[in-house]
Every structure is written in structure tokens, then in C-alpha cells.
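S.K.: Got a structure for you, written out below as C-alpha cells; questions coming shortly.
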Amino acid sequence: MGLSRALARAGVDVHVITLEFPGAKGYEEVDGVKVYRVRVEIGNPNFLTWVFIFNHFMEKQVGMLLQSGCSFDIIHVHDWLTTPAGIALRHIMDRRLVLTMHSTEIGRSTTLDNPDAYTKDSIEWWGTYEASAVIAVSSSLRWEIINHFKVPEWKVYALPNGIDLDRFKVNIDRNSVRMKWGIPLDAPLIVALGRLTSQKGFQHLIPAFAKILHKYPNARLIIIGDGWMRGELESIAWSLGVRDKVIFTGFIGDREVVEILKSGDVMVIPSVYEPFGITALEGMAAGIPVVVSSVGGLREIVEHEKDGVWVYPANPDSIAWGIDRVLSDPGFANYIRRNAFNKVASKYSWDSIARETIKIYRRVLGEGV
Amino acid sequence: MNHPNEITVLTTLNNIGAIRPEKAISFSNLLASLRVREDVLRSIVEKLVNQNYIEAVDKNGEKYYYLTSKGILIALSTYS
């Protein structure tokens with residue numbers, strides 16, 4: 001929604017079609033963005049079939065809008081999940097399609113060794129073929145798309161995600177936050193945030209944390225988020241004898257996320273595959289020093305030793321080194337924290353990303369810029 | 001979430017659209033969709049209810065299940 005809001009601020013008439021969610025309205029206007037939450041009336045246990053079903057209901061929603069007199073210049077879809085609807089609508093409406101890719105199946109799964117992965121990969125290729133422009137959220141992903149799908153270079157743009165800095169302009173009481181989560185007030189606090197999936201690399205962070213405890217026995221690790229890997233991660237923490245010092249928050253509200261980030265001493269993003277790395281931006285905006293795996297988009301967002309620290313992916317020794325690099329030198333921690341905040345404020349605002357997105361829209365419409 | 005089949009139950013409920021009380025699915029239909037042993041599914045469902053990932057409603061004396069907001073987020077976390 002950050003991009004949609006910024007596009008609306010820039011004068012674009014934005015209609016967002018998304019899936020229903022309990023408690024959310026079927027239609028509402030949010031900061032100038034018209035949001036339609038589609039009710040998917042039928043389902044199917046098979047995942048891919050479900051995807052095609054909800055795409056159909058999204059197409060139906062757009063069909064109703066067209067019947068009511070709405071008209072659109074651009075169809076902008078994100079990832080393969082909504083690509084089928086985007087392609088259908090592009091042909092029905094005879095309009096240009098823009099596809100933003102946040103990752104690829106080949107990157108997420110590393111192999112295409114099952115029918116579902118191969119199908120997703122094929123739909124991704126189909127999207128890149130049909131789209132007039134493909135937006136990749138980092139330069140590394142742009143090259144991945146060009147090389148893997150054999151897309152002409154001129155068609156693929158690298159344009160990062162942005163961040164809403166206002167989310168982080170809150171005053172917090174660090175001690176209260178720590179007491180709420182049972183964290184000693186003087187404990188070095190390591191924060192991690194993200195979906196609990198193998199791609200995010202938390203299985204390497206917990207062993208790194210066990211090493212850190214040798215030097216900082218009072219340290220705590222708080223992992224914000226949930227996902228299918230939670231049980232396995234808890235087992236790793238138990239097996240290493242550190243479960244009592246690792247806090248799993250599960251899904252929590254946005255305000256609580258910001259509170260924890262602002263109360264922490266170092267944030268670690270240990271991903272093994274990360275085409276962009278929005279969590280790094282969140283940490284940088286919150287003013288917590290970040291330690292990131294030197295992969296994909298994280299390498300592009302963070303400059304080593306200037307506004308963060310790079311560590312080797314899937315390497316607990318290296319991750320522990322990165323954490324200690326920050327915890328052991330408060331002057332360095334302050335230096336990278338300040339630089340990181342300035343970078344996020346100048347380079348990753350949604351308004352500047354929206355301006356670049358509009359340039360791409362104009363190019364595909366043949367308007368020139 | 002220790003057993004992979006818990007995720008299967010959550011994603012199945014999501015994919016069949018059981019995300020609100022009126023779209024809840026009976027235990028017997030869920031069993032037919034998943035093709036697992038009844039006792040295994042029953043223990044998974046009980047655990048997911050206790051963890052507030054799914055909720056049960058009574059319809060004609062039978063329990064029907066649907067995903068909570070928290071359960072939907074878990075299911076969707078496997079997809080991106």
C-alpha cells in the first residue's frame with residue numbers, strides 16, 4: 001500500500017484489487033487509494049487451482065468496474081500470484097501490463113524439482129513475456145530475471161521498494177518495552193524480523209546467538225514473526241540450550257514491531273536468499289544498527305562498515321562476528337546507525353519510488369519522460 | 001507448529017475458502033480433502049484450535065472449522 005498511497009499523492013488514480021480479509025471492508029478508500037477486497041466464493045484444496053480461482057474473481061471485480069464506467073490505462077500486478085489476471089485483463093482491455101517481481105521461484109526454491117515449482121516458474125516467464133515493463137526490486141533480481149527468463153534488458157527496470165518513515169516517528173519507553181517481553185533492562189538485545197521460513201535463515205542465526213552468549217551471557221534474541229518453520233526453530237534453540245533466551249513473538253502489530261526495533265541493540269537479517277530486504281530498511285529507519293547477509297538486495301541496500309555490517313550467509317561464525325562487531329563498539333554502532341537513517345530518508349521514500357514508477361508507466365504508454 | 005501436516009491443514013483451509021464462520025468446513029470433509037488418518041487429523045486440529053490458528057463452530061451437532069486472521073497469515077506466509 002505504500003506505493004499505492006504515494007502514487008495517489010502524485011495524482012495517479014489508483015484502484016487496488018486484493019483478497020478479502022476478516023474484519024476488513026469489501027471496499028474502502030484509503031488515503032486516496034480505492035481498495036477492493038475480493039470475496040472468493042469457491043475454493044479448492046490444491047494451491048495452484050486456488051490461485052487460478054482467486055485470479056478469476058479478481059478479473060470479475062475489474063469487469064464490474066469496467067461495466068460501471070471505470071477505465072484504466074495501466075494494469076500493474078505483483079509476482080506470479082496475480083499474473084494470470086493481469087494477462088487476461090491486458091488482452092480484454094487492450095492495455096499495457098506492468099509486472100513487479102519481488103523474487104523468483106528459481107531463487108526461492110533453488111531448484112525446479114517439482115511440478116508446482118515448475119508451474120510457478122512458467123507463469124513468471126509468461127508474465128515477463130506479456131508485460132510491457134518488468135520492475136525488479138533490486139539490481140541483482142533484475143539480472144536474475146534477464147538471465148533466467150531471457151528477457152530483453154531494456155524491458156526490465158530495477159526499482160527498490162520504499163518505506164514510510166512516519167511509521168517510525170514514535171517515542172517509546174525502552175524499559176517498558178523490555179519489561180513487557182521479559183527482557184532484562186541491561187541485556188544486549190538482538191532483534192530479527194521476518195517470516196519464519198528457511199529462506200530467511202533464522203536456522204543459522206540461533207547457533208550464532210549461542211556463540212554470542214559466550215561473550216555476552218545476558219544477551220537476548222527476539223524473533224518477530226511467524227511461519228511454518230517456527231517449531232523447527234524452537235527445537236534448534238532447545239537443542240543448543242538457549243531456548244530460555246530466545247523470544248518468539250509470533251505475529252504482532254506494527255506498533256509493537258517498531259517498539260521492539262527501537263529497543264534493540266542490533267538487528268540481524270540472516271537471509272540465504274533475499275531479492276530485496278524490506279526488513280533492513282525497517283531497521284535502518286528505526287535507528288537500530290543492522291547486520292545483514294551479503295546476498296541479493298541486502299548487499300545493495302547496506303554498505304559494509306558504513307551503514308551496516310555484511311556477514312556471510314548460512315554461516316553462524318560470521319553472523320556472530322557481525323553481531324559482536326556492533327555490540328563491542330558503541331561508537332561504530334552509532335556511526336552506522338546515523339548513516340543508515342540518512343540513506344533511508346534520502347533514497348527509499350515511497351514518494352521518490354512513486355516518481356520513478358510513473359516514469360515507467362509513461363514509457364510503456366509511449367508518452368516519453 | 002512442529003508437524004508439517006499442521007501447515008497442510010492451514011493451507012487447505014485457506015485454499016478451500018474456509019476463512020470465515022459461514023464458510024467453515026466439517027471435520028469429515030476436511031478429512032476427505034487431506035486423506036490422512038482420522039486420529040492424526042483430530043490431534044492436529046485440536047492443537048491448531050488451542051493455538052488460535054483455527055476456530056470451530058457447531059452446525060447441527062457437528063464441528064466445522066475455519067481459519068482465524070492469525071491462521072490466514074500463517075497460511076499465506078508459505079506462499080510468497
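S.K.: 5 Å is the cut-off here: which amide hydrogens, built 1.01 Å from N in the peptide plane, fall below it relative to A:I74, excluding neighbours closer than 5 in sequence?
M.R.: none
S.K.: Less than 17 Å from a label point 7 Å out along the Cα-to-Cβ axis of A:T18: which backbone N atoms in the stretch B:36-80 qualify, by residue?
M.R.: Zone members listed by number: B:69-80.
S.K.: Now for a different question. Structure shown: which of A:K25/B:K23; A:K120/A:K200; A:K180/B:K23 lie over 25 Å apart, alpha-carbon to alpha-carbon?
M.R.: A:K180/B:K23
S.K.: So who's got an amide H within less than 5 Å of the one on A:V14, skipping anything under 5 residues away but keeping other chains? H placed 1.01 Å off N, in plane.
M.R.: For A:V14, the qualifying residues are A:K34.
S.K.: Going by the alpha-carbon gyration tensor, a ≥ b ≥ c the square roots of its eigenvalues, is the protein assembly as shown rounded (a/c under 1.5) or, if a/c is not under 1.5, prolate (a/b greater than b/c) versus oblate?
M.R.: It is oblate, given that a/c is not under 1.5 and a/b is not larger than b/c.
S.K.: Here's a follow-up. Looking at chain A only, what percent of DSSP beta bridges run antiparallel? Nearest 5 please.
M.R.: Of the beta bridges lying entirely in chain A, close to 10 percent run antiparallel.
S.K.: Is there a quick way to get the dipole size of chain A? I mean about its Cα centre, with the Cβ of Lys and Arg at +1 and of Asp and Glu at -1; what is the value in debye to the nearest 20?
M.R.: 540 debye
S.K.: Here's something else I'd like to know. Angle, helix A:230-239 long axis vs. longest principal axis of chain A, Cα atoms, 0 to 90°, nearest 10?
M.R.: The angle comes out near 20 degrees.
S.K.: With point charges of +1 on the Cβ of Lys and Arg and -1 on the Cβ of Asp and Glu, referenced to the Cα centre of the protein assembly as shown, which listed residue (A:L48, A:F332, B:S33) lies farthest in the positive direction of the dipole?
M.R.: Ranked along the dipole, the leading option is A:F332.
S.K.: Which order do peptides A:122-131, A:80-89, A:8-17 fall in by mean Cβ count within 10 Å, highest first?
M.R.: Descending packing order for the listed peptides: A:80-89, A:122-131, A:8-17.
S.K.: Given a Förster distance of 22 angstrom, what is the FRET efficiency for B:E46 paired with A:D116, based on the Cβ-Cβ distance and rounded to 0.05?
M.R.: Computed FRET efficiency for B:E46 and A:D116: 0.15.
S.K.: Moving on. Per residue of A:221-231, count partner chain C-beta atoms within 10 Å of its C-beta, then hand back the mean as an integer.
M.R.: The shielding value for this peptide is 4.
S.K.: Let me ask you something else. Compute the FRET efficiency between A:S176 and A:K25 as 1/(1 + (r/R0)^6), taking r as their Cβ-Cβ distance and R0 = 41 Å, and round to the nearest 0.05.
M.R.: 0.80
S.K.: Using only Cα atoms, tell me the angle between helix A:350-364 and the longest principal axis of chain A; keep it within 0 to 90° and round to the nearest 10.
M.R.: Approximately 30 degrees, to the nearest ten.
S.K.: Which percentage, to the nearest 5, of the DSSP beta bridges contained in the stretch A:1-60 is antiparallel?
M.R.: Of those bridges, close to 45 percent are antiparallel.
S.K.: Looking only at the stretch A:165-347, where both bridge partners belong to it, what percent of the DSSP beta bridges are antiparallel (to the nearest 5)?
M.R.: Here the antiparallel bridges make up roughly 5 percent for the stretch A:165-347.
S.K.: For the stretch A:165-347, compute the orientation-averaged projected area of the C-alpha convex hull (one quarter of its surface), in nm².
M.R.: Result: a mean projected hull area of 9.1 nm².
S.K.: Taking each residue in B:14-25, count the Cβ atoms of any other chain within 10 Å of its Cβ, then average. What number comes out?
M.R.: Mean number of neighbouring Cβ atoms from other chains: 5.
S.K.: Only helical DSSP H runs with n ≥ 4 go in: add -39500 (n - 2.57) per run for the protein assembly as shown, normalise by residue count and round the 222 nm mean residue ellipticity to 500 deg cm²/dmol.
M.R.: -14500 deg cm²/dmol
S.K.: For B:E62, project a label point 7 Å along Cα to C-beta. Then give me every residue of the stretch B:31-49 with its amide nitrogen under 20 Å of that point.
M.R.: Only B:31-46, B:49 pass the distance filter.
Every number in this text was worked out from the coordinates using simple rules, so none of it is lab data. Here the structure is a predicted model, which means the values were calculated and not measured. No Cβ is skipped: glycine too gets one built from the backbone with ideal geometry, and neighbour counts run over all protein chains shown.
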